[in-house]
Amino acid sequence: LHVDRQVIGCSDHDGEEAYNLDGEEMWFADFIKREGVEPQPPFIDHMTYQDRAYQQAEVNQQTCKSNLDVVRTAMKDFKIED
């Protein structure tokens, strides 16, 4: 059995999207260089991701930041219990 994970996260100024397989990073979005990176070692059979994976990562970041704004608005009137 294999364990694969997709990580998507964002803040006001930063974001992250990565795909992992069995604890190894297989692909991540480099939002500074505006491209997807496949940091796989040369001794394995190279796995590649679809051509539009980076574009999808940008869309996911927009959705994440929009959801962050919604949650902040919804939570601003909640009182913190001691």
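Going residue by residue through segment 4-21, is there one that turns out to be touching a Cys at 6+ places or on another chain (Cβ under 6 Å) and open to solvent by less than 50 Å² (accessible area, probe 1.4 Å)?
Checked segment 4-21: at least one residue is touching a Cys at 6+ places or on another chain (Cβ under 6 Å) and open to solvent by less than 50 Å² (accessible area, probe 1.4 Å).
Cβ-Cβ distance below 9 Å, separation of 6 or more or different chains: which pairs start in segment 49-61 with a residue that is over 18 Å from Glu25 (Cβ atoms) and end on one that is loosely packed, with under 14 Cβ neighbours inside 10 Å?
Glu58/Arg34
Taking only segment 62-80 into account, find how many residues are in contact (Cβ under 8 Å) with a residue 40 or more places away in the chain and of a type in the set (D, E, K, R). Write out each step before concluding.
Taking segment 62-80 and keeping what is in contact (Cβ under 8 Å) with a residue 40 or more places away in the chain, we get 64-65, 68.
Those still in the list that are of a type in the set (D, E, K, R) too: 65.
Total meeting the criteria: 1.
Could you check segment 22-61 and list, in sequence order, the residues that are in a strand (DSSP E or B), out of contact with any helix residue (DSSP H, G or I) (no Cβ under 8 Å at 6 or more places or on another chain), open to solvent by less than 40 Å² (accessible area, probe 1.4 Å) and within 21 Å of Leu1 (Cα to Cα)?
Correct list: Met26 only.
Every residue in segment 62-82 that is open to solvent by 100 Å² or more (accessible area, probe 1.4 Å) and either under 19 Å from Glu16 (Cα atoms) or polar (S, T, N, Q) (or both), please.
Residue satisfying the conditions is Gln62 alone.
For segment 1-27, give me each residue that is among the aliphatic types (A, V, I, L, M) and in contact with a strand residue (DSSP E or B) (Cβ under 7 Å, 6 or more places away or on another chain). Even if it seems obvious, please write down each step before you answer.
Initially, segment 1-27 is screened for residues among the aliphatic types (A, V, I, L, M), giving 1, 3, 7-8, 18, 21, 26.
Within segment 1-27, Val7, Ile8, Ala18, Leu21, Met26 meet the criteria.
What pairs come up if the first residue lies in segment 17-45 and is without any contact (Cβ under 8 Å) to a residue 24 or more places away in the chain, the second is part of a loop (DSSP other than H, G, I, E, B) and open to solvent by less than 40 Å² (accessible area, probe 1.4 Å), and their beta carbons are under 7 Å apart, counting only those six or more places apart or on different chains?
Short answer, once both residue conditions are applied: Met26/Gln40.
The values are calculated or read from the model by the stated rules, or taken from the named source; none is laboratory data. Small disclaimer: the values here were computed from a predicted structure and weren't measured. Cβ atoms come from the backbone with ideal geometry, glycine included; neighbour counts cover every protein chain shown. Calculation scope for accessible area: heavy atoms of the full protein, side chains included, ligands and nucleic acids excluded. Shrake-Rupley method; radii C 1.70, N 1.55, O 1.52, S 1.80 Å.
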